[in-house]
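Accompanying notes for the structure given below.
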Amino acid sequence: MNPDFSLDGKVAIVTGACKGGIGEAYAHALAGAGAAVVCADINAEGATFVADAINGDGRAALAVRVDIADETSVESMVAAATDRFGGVDILINNAALMAQIVMTPAMAYGRAEWDRAFAVNVTGAWQCAKAVAPSMQARGGGRIVNQASAGAFPAESVYGITKIAIVGLTTTLARELGGYGITVNCIAPGIVASDAGRMLTPEDSPYRQMLEMRAATRAVGQPDELCGALLMFCSPAGAWITGQVLNIDGGFVMRP
Ligand SMILES: NC(=O)c1ccc[n+]([C@@H]2O[C@H](COP(=O)([O-])OP(=O)(O)OC[C@H]3O[C@@H](n4cnc5c(N)ncnc54)[C@H](O)[C@@H]3O)[C@@H](O)[C@H]2O)c1
């Protein structure tokens, strides 16, 4: 039998689904596979742009403004998804602070900045998972995909510390939720040419050249190049995959 990558009838929330980001590509990929998609971002205008484009393609999407660090805001996001589409089957924990925090040395952080980095990148992802799990359980199962980073292997920044925590969140939730038919996996991209990725690594900069040389394929990635793995994790084809971290980075990080 051929593997089934269809998401017909499923409802997905993508956090960080904003114009110009990886979440935009994720939202389109999930919608293209048949899911109704909630495009959730702290940038309401950017999320609306993505949802409008999906609706314009004849698929179903809803834009929601959310601050994933705020529990009430996360609960409202899930309530909006449930009101509109009846529940939640898929959560993509993609929203994070990256460009805003990645260059600051850990020793230069103030306590408030440190707390905000963890509140968004770690607590936010946990909070979203906690908020959707009851709906997934009631619907007989679900899929959670967290977004880590090559920058977690090894962590060499506060950003990297938050992303290795996402790996721990993935394995922990996979263990706790597996009995409910909910799988939890993680994508760890290398440098991806989203708007933020391009801004961090300008094309002809020595930093970009160094990163490209370190990748086995000598290339940075495009947002679309993450979407095949996303669909595998979210669809019936990936039903027996859980607790896994997939480095998608052209061979930047390689593990036995
Ligand atoms: N671009 C890369 O090279 C790269 C590499 C590895 C991992 N990543 C990860 O991929 C994800 C997307 O990255 P991107 O390149 O699209 O960057 P991005 O900055 O465009 O995406 C992050 C999104 O999260 C949103 N966001 C930030 N704080 C939020 C909050 N409190 N509540 C809700 N939304 C919030 C932002 O508005 C933004 O749309 C992030 O988790 C990032 O860490 C990116």
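Every number here is computed from the coordinates shown, using simple stated rules; none is lab data. Quantities reported herein were computed from a predicted structural model and do not represent experimental measurements.
Key figures for this structure:
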item	result
Projected area, mean over directions - the chain, Cα convex hull, nm²	13.9
Share, in percent, of DSSP beta bridges within region 11-248 that are antiparallel, nearest 5	5
Helix-only [θ]222 nm of the chain, DSSP H runs n ≥ 4, -39500 (n - 2.57) each, per residue, nearest 500	-12500 deg cm²/dmol
Candidates A99, A152, A60: whichever shows maximal mean-square fluctuation once the chain is modelled as a Gaussian network with Cα springs under 10 Å	A99
Selected from D115, D41, D89 as most flexible by GNM, with the chain as the system and alpha-carbon contacts under 10 Å	D115
Of A237, A36, A174, the one that fluctuates the most in a GNM where the chain has Cα springs shorter than 10 Å	A237
Largest-first principal axis extents of the Cα set of region 76-137 (Å)	45, 17, 17
Under the span-like rule (Cα at least 24 Å along the axis, Kyte-Doolittle mean at least -1.0), DSSP H helices of the chain	158-177
